[in-house]
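Read the structure below first, then the notes.
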Amino acid sequence: MSEPVSSIRVNVRLFARLKDIVGTGELARRAPLGATARTVWETMVSEFAELGNYEGSISVAVNEEYSRMDAPVADGDEVAFLPPVSGG
Amino acid sequence: MQTAPYAVTTDTLNLEALIHAVASTPPDTAVGPGGITSFVGVVRNENAGRRVLRLEYEGYEPLALRAFDRIGTETADHWNVRVALHHRLGTLQIGEASVMIAAASPHRADAFAACRYIIERVKQIVPIWKHEFFEGGDVWIEGATADPDDDTARQDAIRVAGE
């Protein structure tokens, strides 16, 4: 007997300064059904307030593709938050 | 040995391999290269008045490779070129190459413009970060908010490249 699914689990990836703030570059978090990338970000900010400084400057990728904060996320998705880039 | 046109690696970069990757002569029906340009980015000993000791590059590799592929497609849409783009990750000392680009074209103008366009786009949309270690501390360098769909940024890169 399986219970109705009411939440999903996503793998959160963080890079550069965001990784330093949280102390790890990879962690799992639960989100409600119907969650978007923004829901996941808000969960992270509520846990790690300093991430809030990046509210206006992060990019998001879902399953290794650039995405948008309003994109829906599904169970098992990898959601990556990227501070402004500085390659080259 | 075949060199991949796009790579993210902790190994030392090799410009000859990139040039080889873009230089091959196509079948009789297509016009082959008449010029190859390259760009090599190296670790500078100074940044914003700080004496830089070394850089540590971090990247989101699968997305970086997709971004390279995207930049390659954008470049080919605009200029008649074959391109290669390799970026280094990990700890780099002053003077070491962090990025290499090669562009081959039947005519030099396209090859020069493509190289310049590619490095501008790398700085705009590739998920790679510099962790700068300087005399007295360290700092993550933060440049552009990566948004591949931002057409203004893309147009800026085209303008800088000189059409």
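Quick rundown of the values:
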| quantity | calculated |
| --- | --- |
| Candidates B:68, B:133, B:112, filtered to the one that is within 11 Å of another protein chain (Cβ to nearest Cβ) and either of a type outside the set (Val, Ile, Thr) or out of contact with any Phe, Trp or Tyr (no Cβ under 7 Å at 6 or more places or on another chain) (or both) | B:68 |
| Some residue of the stretch A:42-51 being free of Cβ contacts under 8 Å to residues at least 24 places away in the same chain, hydroxyl-bearing (Ser, Thr, Tyr) and touching a strand residue (DSSP E or B) at 6+ places or on another chain (Cβ under 8 Å) | yes |
| Wholly within the stretch B:39-130, strands (runs of 3 or more DSSP E) carrying at least 3 residues that are at pLDDT 95 or above and crowded, with 16+ Cβ neighbours inside 10 Å | B:50-59, B:82-88, B:97-105 |
| Sole exception among (1) at pLDDT below 95; (2) within 13 Å of another protein chain (Cβ to nearest Cβ) for residue A:16, by number | (1) |
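The values are calculated or read from the model by the stated rules, or taken from the named source; none is laboratory data. This one's a predicted model, so the numbers in the text were calculated from it and none came from an experiment. With ideal geometry, Cβ positions are generated from the backbone for all residues, glycine too; neighbour counts draw on all protein chains shown.
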